[in-house]
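What follows is a set of notes on a single structure, which appears directly below.
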């Protein structure tokens, strides 16, 4: 492989020499070198080179090429920056970029580059910023980069780099920002990192680093962000890290660290984020731990072996919004002073040994009513007992998740939910699924006068997987806000009158039911005459595409629904579609299109007929799986056929059925209601309009086929789906206006 690469480079060197020989005698040698280096970069790109690189030709001066920045004060002009970030480029990085001797900024992040980082980049002695992050580069970090001593920013994160960090990186004495996270780097964190006395940002998380944290990192006194999370680090936390007086982010989570948190860490007054979650740390939290942390906003100490009490000094960290102390052996009562945390948004104290035996022990519940921004309160799996205080009902409407399960509390299901469903009467039953039963209910507003219709999903906790489904739905929808997603109003976790766990999710009520009900009305019910026109079906599909696009690309974290189907597409009073039922949803690792299997699976993902074929083979969950399900949904919407209907049980699938129809007589496979006039039951008389509808139907079927291709990488993107549906909608809307 190396020999082939060397041969290819030799051939290209000869080509460069020949090109150089053809340059006119009056041309500057330096400008020729810069131009040819850029052309070599272009030549090593794979795929189409039009679009962004259309200007990259010799008829235009290279200083006017897209992404190229030249020095304006120097004659001849030299290339000082190449800025091609997020440009959908792929291929290999040309080693001839090392000839751009005046280059001070090289930014290629967010593309699809593969192969190794060329060692020739080490020739760029003026380089200050090198950003190759979020590509698919592999191999080792080149030793030669240690010669780029003017570097202030080195970002190689989110690639596939491996092996150790070379010693030569320690020579980059001007480095301010070093980001190597999300790679496959291994070995110990090298001692020479402590030579980078100017560094302010050090990101090494999500690698395979092992061994102990070097105490010499405490010499990096300018450090503001230290992120070593998600490695295999062991040993104790060095007390020398307490010398990092400018530190804002301190993240050592998800390692194998043990021992105590050094007292010196609690004295870093500049801290805003402190995370040591998922380690084997032990000891107690000092009573005065939070006296010197006025800027602290987030603390994560969950899943360790901490003992003792929650210190009352926690209230002195007045800017706290996120507190996660679950999964330890903390005991005693929750200090009432916690109610002083006016900015608290997330308070998770579950899976400890916390107690509340007497009425006064519950005072913290009353105190928390002052926390108007509190959204999540998890007190589950502790030793709380006695009767819940009435003040629990006085909490802000922002509180959407409350868990008191697996305790010894007496009481019952919240009265509002029992009252809303008329005691879970069957007359309010909307439907029942594997993991839950859904009731319609009326919930009173805070003013006590107005009510609103809601859907209340009561979990069947005796069903295996129901609890995981509940957790998945809550986690997936916690931060999601979009008009085409079903909105969670609140979550209830309590106990019923038999002392059993009770969990329910309160959702917006969708008065027009599911898309399934409109596509497949009950043939035995003569009163069920529901019908969707072609335009209405396109609008529903567009709404679903908008929802998917948000889930995959534009939400706080990418989410895969995993069970998209017509029964999970719900229609409100205005016939706007909302994607619902996130009980199988998976949150993706940041910057990835696939869910990394860090938790146990609940088995086969999705519903037969809709689920992507790769799920049946045990492959990882991905956004492409949702696209497949969406494609089947499109085909179902146009044909009116259920993907798992009786006609598709003899080896024939809905996709094959549509494929044969597209090749033969397309209207034979289409829901005939789309081709009939609702008022007189005959095909529409306007030939031009009728033909336009047929064309749109064909486009929809082809879209469904494109989305449901066998190869995941060949499926359409949500952005392309939205564009195509908008064009179809515009065409149909024009026809409606003419009629």
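Any residue that is closer than 26 Å to residue 325 by Cβ and either outside the structural domain of residue 154 (by TED's automatic domain parsing) or assigned to a loop (DSSP other than H, G, I, E, B) (or both) - is there at least one of those in segment 190-203?
Step one: filter segment 190-203 for residues closer than 26 Å to residue 325 by Cβ, giving 203.
Then keep just the ones that are either outside the structural domain of residue 154 (by TED's automatic domain parsing) or assigned to a loop (DSSP other than H, G, I, E, B) (or both); that gives 203.
Among the residues of segment 190-203, at least one is closer than 26 Å to residue 325 by Cβ and either outside the structural domain of residue 154 (by TED's automatic domain parsing) or assigned to a loop (DSSP other than H, G, I, E, B) (or both), which makes the answer yes.
Counting only strands (runs of 3 or more DSSP E) that sit completely within segment 335-405, those holding 3 or more residues that are at negative phi and within 28 Å of the chain's Cα centre (by Cα) correspond to 346-348, 376-378, 401-403. Could you look through segment 288-313, keep only residues that are touching a helix residue (DSSP H, G or I) at 6+ places or on another chain (Cβ under 6 Å) and surrounded by 15 or more Cβ atoms within 10 Å (Cβ to Cβ), and pick out the one that is farthest from residue 248 (Cα to Cα)? Among them, the one singled out is 312. Pairs linking a residue in segment 561-574 that is touching a residue at least 40 places away in the same chain (Cβ under 8 Å) and in the same structural domain as residue 629 (by TED's automatic domain parsing) to a residue that is part of a strand (DSSP E or B) and surrounded by fewer than 21 Cβ atoms within 10 Å (Cβ to Cβ), with Cβ atoms under 8 Å and 6 or more positions apart or on different chains, are 572/508. State whether one or more residues within segment 225-240 are in contact with a strand residue (DSSP E or B) (Cβ under 9 Å, 6 or more places away or on another chain), part of a loop (DSSP other than H, G, I, E, B) and under 20 Å from residue 319 (Cα atoms). Within segment 225-240, not a single residue is in contact with a strand residue (DSSP E or B) (Cβ under 9 Å, 6 or more places away or on another chain), part of a loop (DSSP other than H, G, I, E, B) and under 20 Å from residue 319 (Cα atoms). When residue 674 is tested against (1) part of a loop (DSSP other than H, G, I, E, B); (2) modelled with pLDDT of 70 or more, just one condition goes unmet, and that condition is (1). On the basis of being modelled with pLDDT of 95 or more, more than 26 Å from residue 36 (Cβ to Cβ) and not assigned by TED's automatic domain parsing to the domain that holds residue 36, does residue 154 make the cut? Spelling it out, it is not the case that residue 154 is modelled with pLDDT of 95 or more, more than 26 Å from residue 36 (Cβ to Cβ) and not assigned by TED's automatic domain parsing to the domain that holds residue 36.
Counting the residues of segment 204-224 that are within 17 Å of residue 255 (Cα to Cα) and part of a helix (DSSP H, G or I) gives 1. Residue-level check: of (1) more than 20 Å from residue 125 (Cβ to Cβ); (2) modelled with pLDDT of 85 or more, residue 37 misses just (1).
Could you run through segment 135-151 and say how many residues are assigned to a strand (DSSP E or B), over 19 Å from residue 190 (Cα atoms) and modelled with pLDDT of 95 or more?
In the first step, residues of segment 135-151 are kept if they are assigned to a strand (DSSP E or B); the result is 136-139.
With over 19 Å from residue 190 (Cα atoms) added as a condition, the list becomes 136-138.
Remaining after also requiring modelled with pLDDT of 95 or more: 137-138.
Residues in segment 135-151 being assigned to a strand (DSSP E or B), over 19 Å from residue 190 (Cα atoms) and modelled with pLDDT of 95 or more: 2 in total.
Taken together, the residues in segment 152-189 that are closer than 22 Å to residue 216 by Cα and assigned to a loop (DSSP other than H, G, I, E, B) amount to 12.
The values are calculated or read from the model by the stated rules, or taken from the named source; none is laboratory data. Remember, predicted model here, so these are calculated numbers, not experimental data. All Cβ positions, glycine included, derive from the backbone under ideal geometry; neighbour counts span all protein chains shown.
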